[in-house]
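Read through the structure below, which is laid out as structure tokens, and then see the notes.
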Amino acid sequence: MDLDYICTGCLANHSLIEYVKRNSVKKLRKCHICGSRNVLAIDVPTLAEYMSSCISHNYSSLESRDG
């Protein structure tokens, strides 16, 4: 099973789907997670790093807030 990759069919968020389309490294014949066929996919660590950077960019740390 190829669980190291996540495909566009596994995602509901439009921005994440677009990110995977722009940065895909593989096309899966059939996704083992969602069952989609012939879909673009990206490795999970790369997507996780992107999501982490989005969260860091859009949300501040509670420790850095006043009051």
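Observations on the model:
- Amide H contacts of Val39 (H built 1.01 Å from N, under 5 Å, at least 5 apart or other chain): Leu28
- Each Lys or Arg adds one and each Asp or Glu takes one away; over the other residues whose Cβ falls under 12 Å from the Cβ of Tyr50, this sums to -2.
- The packing ranking, built from the mean of other Cβ atoms within 10 Å per residue, places the peptides 36-42, 46-52 in the order 36-42, 46-52, highest first.
- For the chain, the spread of Cα positions along each principal axis, largest first, Å: 52, 21, 18
- For the chain, the fraction of 1.4 Å probe accessible surface lying on carbon and sulfur atoms is 49 percent.
- Residue-normalised accessible area of the chain, expressed per residue, 1.4 Å probe, Å²: 76 Å²
- Length gained on full extension, Ser36 to Arg22: 3.2 nm, using 0.36 nm per residue less the C-alpha separation.
- In nm, spacing of pseudo-spin labels at Ser52 and Ala12 (7 Å Cα→C-beta vector): 2.5 nm
The values are calculated or read from the model by the stated rules, or taken from the named source; none is laboratory data. Fair warning: this is a prediction, and the values are worked out from it, not measured in the lab. Note that each Cβ is placed from the backbone with ideal geometry, even for glycine, and that neighbours are counted across all protein chains shown. Protein only, heavy atoms only, side chains kept; ligands, DNA and RNA dropped before computing areas. Shrake-Rupley method; radii C 1.70, N 1.55, O 1.52, S 1.80 Å.
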